[in-house]
1. In whole Å and largest first, what semi-axes does the C-alpha gyration tensor of the stretch 103-150 yield when each eigenvalue is scaled by 5 and square-rooted?
2. Full extension from ARG176 to GLU53: what is 0.36 nm times the residue separation minus their Cα-Cα distance, to one decimal in nm?
3. Please list 98-105, 86-93 highest first by mean number of surrounding beta-carbon atoms within 10 Å per residue.
4. What order do LEU182, LEU188 take when sorted by accessible area (1.4 Å probe), most exposed first?
5. Grab the Cα-Cα distance for THR107 and SER141, subtract it from 0.36 nm times how many residues apart they are, and report the gain in nm with one decimal.
6. What order do HIS140, HIS120 take when sorted by accessible area (1.4 Å probe), most exposed first?
7. Please compute the Kirkwood hydrodynamic radius of the stretch 43-138 from all pairs of different C-alpha atoms, in Å with one decimal.
8. Using a probe radius of 1.4 Å on heavy atoms only, what accessible surface per residue do you get for the stretch 60-104? Whole Å² is fine.
Amino acid sequence: MATYDLEEQEQIAELKVWWQKYGQWVIAAAVAFVLAVGGGRGWNWWQEKQARESAALFEQAVRARAANNPAAVKQVTAQIMDQYAGSGYATSAAWMAGQVNLEANDTKSALAQFQFALDHAQGSALQDLARLRLASLKFHSGDAQGALTLLESPPAQAYAGLFGQLRGDVLVALKRPSEARLAWKEALVAMQKVDKTDPLYALQEMKLDTLGEGQ
């Protein structure tokens, strides 16, 4: 058995007292650190797993769409939206399902899926596109006010022309021609910045003419 001098014994006694007082906190901190490191690695693994699985399912949906199998498209896209809502494929799956339902004249389901696409869109560009798609569907299904609400917030410049066009259409339907004219003018300005040769530019000019005013 090891023997200690008086000074060493005092140090050991002090260490025992310190450990009794603070040992549990040291252990807790060590466990927290291990969990944080391991948890971070586990989270990354889980995200990669989700990405792989959702990508494989989306590929199935694309093949089903190409094979003109709407039932399979609905089944697979529903699985993506249900089990992989946080993945980058959820919005695209919702758009695909929405389009399939539109083709089947199921507007109610299409609206729900386009709303899902908006709620889960990642990044401002996808959010703008999702807003535009949902607003267009709301407008053409008779909900002009709902469409206008979605179009109120200004989009990125790349979508400004399309937003302005649709907003003008909606405002005409709501019998607000002066606001529609302004929206269409803003759309023309935005389209000039992107591509004035776009056929939609000429269409937009024609729309303004129908309101009794040129550019």
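The values are calculated or read from the model by the stated rules, or taken from the named source; none is laboratory data. Because the structure is a prediction, the values reported are computed rather than measured. Here Cβ is always computed from backbone atoms with ideal geometry, including for glycine, and neighbour counts include all displayed protein chains. With ligands, DNA and RNA removed, areas are computed over all heavy atoms of the protein, side chains included. Shrake-Rupley method; radii C 1.70, N 1.55, O 1.52, S 1.80 Å.
1. Ellipsoid half-lengths, sorted descending, are 18, 13, 7 Å.
2. Details: separation 123, 0.36 × 123 = 44.28 nm, distance 4.83 nm.
The span from ARG176 to GLU53 would gain 39.4 nm if fully extended.
3. With the highest mean Cβ count within 10 Å placed first, the list reads 86-93, 98-105.
4. Most to least solvent-accessible, the answer reads LEU182, LEU188.
5. 11.5 nm
6. Largest to smallest exposure gives the sequence HIS140, HIS120.
7. Numbers: mean 1/r = 0.0752 Å⁻¹.
Here the Kirkwood hydrodynamic radius works out to 13.3 Å.
8. Values: 2170 Å² over 45 residues.
Value returned for the stretch 60-104: 48 Å² of accessible area per residue.
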